[in-house]
Each structure stands twice: as structure tokens, then as C-alpha cells.
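K.L.:
My structure is below; once you've seen it, I'll send some questions.
The values are calculated or read from the model by the stated rules, or taken from the named source; none is laboratory data. All values derive from a computational prediction rather than experimental measurement. Glycine also receives a Cβ, built like all others from the backbone with ideal geometry; neighbour counts cover every protein chain displayed. Calculation scope for accessible area: heavy atoms of the full protein, side chains included, ligands and nucleic acids excluded. Shrake-Rupley method; radii C 1.70, N 1.55, O 1.52, S 1.80 Å.
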Amino acid sequence: PADRFGSAAEFGAALADERAQPHGRTAAQKHGTALPPYRPAALWASAVSGLVLGALGLFAGWQLRPQAEPPRPVHFTLALPDSARYLDTFGRSVAVSPDGGTVVYTGGTAARRQLFARRMDETEPTAIPGTDGAYMPFFSPDGAWLGFVTNQRLMKVRLSGAAAVPVTPLLGNTVAGATWGARDVIVLEDVSGLARVSASGGRLEVLLAGDSINRTAEWPTFLPGGDAVLCAVYRDDGTYRLALVTVPGGRLTVFDSLEGSDPRFVPPSTVMWLSREGVMLAAPFDVRRGRFTGQAGPALESVVEEGGAGNVAI
């Protein structure tokens, strides 16, 4: 490689250099055959033509390569049997796995409510063992675990069929939102306020007590990195404002101009939230700086609201 020419120009210059010509008589000279005159300009033109043709060939190949089609919206209806009908519950009643391959929802009958999983490559939903009375399903970032609330306990379960595992006891059985972060931490809102707990188990650690600010922070959703959650702050006038809370510090930043609840982060840089009119709004968001960078616009209409949360999975 060290002896190779760096360019066609260096190659042409070497051929024109008399010191680079072979000494002595060639076979053609011995037999009296005259060699064609050496024309460095012609050789240079040939080299350049070869480079140009090669570049054109690469460009044509790049242009003619199979182009990836942009993703298209898919509209379909999940047909559910009577034994696994969808049931409305407080807050979020449906969740979609991070890879988009599984829908989990609260369902069953009036006599027995539990969580069901419906894989996109299957035709029937499957009851998830150990989830009797469950609501508020939410996935771990890798999609391997499913968190939920039942009987004043925060629980988790694998969709592979293993037994459900308790994470921590709760002060009440009404949880206004739960989210699982990249650092294997779960943040939720219960009677104590906005709190966090290790997904492997332990005691709740209060991040933001509701009575300390005379308002409650609800419906948290982790931002990438696991250092902060977006949430909705409920005010005395009956309205919500979007807010950001650091984890574990608990520092609160309220976006006073953004009314709405149940924020959701949509990678790579969008936040969606629910308006009072049942419309999911969307706006660009700078994760590193923790602030919105553009105007909000409608993204999804006619969303059912349950206790301040949009009954929609994103």
C-alpha cells in the first residue's frame, strides 16, 4: 500500500519521468519493432475518464438502489371475545410494548377484571396470570416486564407466563400514573404524592409531596436517560399545567403557558398531551435543555378521558 500512487496525477507524472523508464533494449526493440510514441497527455486523459466513469457508475448505483418507503399509518380493529372484553378503568387502561408487537389492556367480565395481552401476530388475546383486579398497565423500557397496580400494591410480571412479583405496597389503591425509566426506576403518583421506587423492589421515596406545593403532580412519563419526568400539575382552579420534575432531586418546573394533562414523550423529540377538549396535542421538545421548542398542534382527536388521563397508548 505504501508504494501505491495517491492519485492519477502522480501516476501520470511517474510515467513521464525518464528516470522511471526501464534501461536496456526491450524485446520489441531487439526484433526491430517500433514502439508507439509515448503520450503522457493521452494516458492522463484515459485515467481521468476512468475515474469519471467509475464515479458515474457509483452514483447511478446509489440512485437505483431500493428506496426505503416511509412508514404508513395502519388502521385496524381488535376483535375481542366476550370473555376478554375491554373494560374502562381509572386512568390508562391500555399499553403498547416498546416494539409495537403487543397490546395489553384491562378486560374480562364484570365478575373478574384482569390484564390481557394481544400479540399482533396472533388472533386471540391471552389472560396474564396473577393480574386479577389490575389496572394501570405500563411496560419496562425493554418490553420484558409489565407493571400494574392491584390491591394497594405495585406489581410487575413477565409476559412469558412467570408469576407476578410485588414491587412495593401503596398507601392507597388509586394511582394517577406510573412510568418505568431507563435506570430501572418506577415513578408513580399515589396518596403520598409523586414518588419513586426501584423496579427490583423497596420502599417508596417521595419526590414531590402534594401538600408541600398545595397541588398534585400526576401522570408522570420518563424522559430519555431517566433523569426527569414530565407530569401534569393539578391546580386549585381545576386545570392542569404541564411540568417537569427531576429524578431523584424532585425539582419542579411548571410550564405555565401549557394547559393540559397526561403528557407522553414520543421519540426522538416530541411531547404529546391531552387537552380538556379530548384532543392529544403535540409539540417539539428539547430533552437536553428540558424545554419546549415550538408551537403545539392537534395530533389525535376524540380521545376518551379517564381521571385526567387519555385512554390511549403511545
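K.L.:
Among the residues of the stretch 83-95 satisfying the criterion of being open to solvent by 20 Å² or more (accessible area, probe 1.4 Å) and not aliphatic (A, V, I, L, M), which is nearest to the chain's Cα centre (by Cα)?
P.N.:
92
K.L.:
Output the number of the condition that residue 278 fails; it satisfies all remaining conditions of (1) part of a loop (DSSP other than H, G, I, E, B); (2) under 18 Å from the mean Cα position of the chain (by Cα).
P.N.:
Residue 278 satisfies all of (1) part of a loop (DSSP other than H, G, I, E, B); (2) under 18 Å from the mean Cα position of the chain (by Cα) except (2).
K.L.:
Could you grab the pairs with beta carbons closer than 6 Å, sequence gap of 6+ or different chains, first residue in the stretch 69-88 and more than 16 Å from residue 120 (Cα to Cα), second one open to solvent by 70 Å² or more (accessible area, probe 1.4 Å) and modelled with pLDDT of 85 or more?
P.N.:
Close Cβ pairs satisfying both conditions: 87/113.
K.L.:
Moving on to the next point. Of the numbered conditions (1) of a type in the set (Ser, Thr, Tyr); (2) without any contact (Cβ under 8 Å) to a residue 12 or more places away in the chain; (3) within 24 Å of residue 180 (Cβ to Cβ), residue 234 fails exactly one; give the number of that condition.
P.N.:
(2)
K.L.:
Of the numbered conditions (1) farther than 27 Å from residue 261 by Cβ; (2) more than 20 Å from the chain's Cα centre (by Cα), residue 120 fails exactly one; give the number of that condition.
P.N.:
Going through (1) farther than 27 Å from residue 261 by Cβ; (2) more than 20 Å from the chain's Cα centre (by Cα) one by one, residue 120 breaks only (2).
K.L.:
Which strands (runs of 3 or more DSSP E) does the stretch 201-273 wholly contain that include 2 or more residues that are among the hydroxyl-bearing types (Ser, Thr, Tyr) and surrounded by 17 or more Cβ atoms within 10 Å (Cβ to Cβ)?
P.N.:
Correct list: 216-222.
K.L.:
Being assigned to a loop (DSSP other than H, G, I, E, B) and either among the polar types (S, T, N, Q) or touching a residue at least 24 places away in the same chain (Cβ under 8 Å) (or both) is the filter here; which residues of the stretch 146-170 pass it?
P.N.:
Residues satisfying the conditions are 151, 152, 159, 160, 161, 163, 164, 170.
K.L.:
Another question, then. Which condition number in (1) out of contact with any Pro (no Cβ under 8 Å at 6 or more places or on another chain); (2) more than 19 Å from residue 114 (Cβ to Cβ); (3) in contact (Cβ under 8 Å) with a residue 40 or more places away in the chain is the one that residue 175 fails?
P.N.:
Of everything listed in (1) out of contact with any Pro (no Cβ under 8 Å at 6 or more places or on another chain); (2) more than 19 Å from residue 114 (Cβ to Cβ); (3) in contact (Cβ under 8 Å) with a residue 40 or more places away in the chain, residue 175 misses just condition (2).
K.L.:
If you go through the stretch 163-193 one residue at a time, how many are surrounded by fewer than 21 Cβ atoms within 10 Å (Cβ to Cβ), aliphatic (A, V, I, L, M) and within 13 Å of residue 139 (Cα to Cα)?
P.N.:
Count: 2.
K.L.:
Can you pull out the residues in the stretch 96-132 that are open to solvent by less than 40 Å² (accessible area, probe 1.4 Å), in a strand (DSSP E or B) and free of Cβ contacts under 8 Å to residues at least 60 places away in the same chain?
P.N.:
If the condition is that a residue be open to solvent by less than 40 Å² (accessible area, probe 1.4 Å), in a strand (DSSP E or B) and free of Cβ contacts under 8 Å to residues at least 60 places away in the same chain, then 102, 104, 105, 106, 107, 108, 114, 115, 116, 117, 118 are the ones that fit.
K.L.:
Based on this model, can you work out whether residue 312 counts as of a type in the set (Val, Ile, Thr), part of a strand (DSSP E or B), surrounded by 14 or more Cβ atoms within 10 Å (Cβ to Cβ) and at pLDDT below 95?
P.N.:
Here the answer is no, as residue 312 does not meet what is asked.
K.L.:
Could you grab me the full set of residues in the stretch 178-193 that are in contact with a strand residue (DSSP E or B) (Cβ under 6 Å, 6 or more places away or on another chain), without any contact (Cβ under 8 Å) to a residue 40 or more places away in the chain and of a type outside the set (Ser, Thr, Tyr)?
P.N.:
Passing the criteria: 186, 188, 193.
K.L.:
Okay, next question. Could you count how many residues in the stretch 267-314 are on the phi < 0 side of the Ramachandran plot and out of contact with any Phe, Trp or Tyr (no Cβ under 9 Å at 6 or more places or on another chain)?
P.N.:
Summing the residues that are on the phi < 0 side of the Ramachandran plot and out of contact with any Phe, Trp or Tyr (no Cβ under 9 Å at 6 or more places or on another chain) in the stretch 267-314 gives 18.
K.L.:
Residue under question is residue 160, and the condition is that it be within 24 Å of the chain's Cα centre (by Cα), open to solvent by 50 Å² or more (accessible area, probe 1.4 Å) and polar (S, T, N, Q); does it hold?
P.N.:
The answer is yes for residue 160.
K.L.:
Regarding the stretch 133-145, can at least one residue be identified that is open to solvent by 20 Å² or more (accessible area, probe 1.4 Å), aromatic (Phe, Trp, Tyr) and either within 13 Å of residue 106 (Cα to Cα) or touching a residue at least 12 places away in the same chain (Cβ under 8 Å) (or both)?
P.N.:
Checked against the condition, which is being open to solvent by 20 Å² or more (accessible area, probe 1.4 Å), aromatic (Phe, Trp, Tyr) and either within 13 Å of residue 106 (Cα to Cα) or touching a residue at least 12 places away in the same chain (Cβ under 8 Å) (or both), the stretch 133-145 yields at least one hit.
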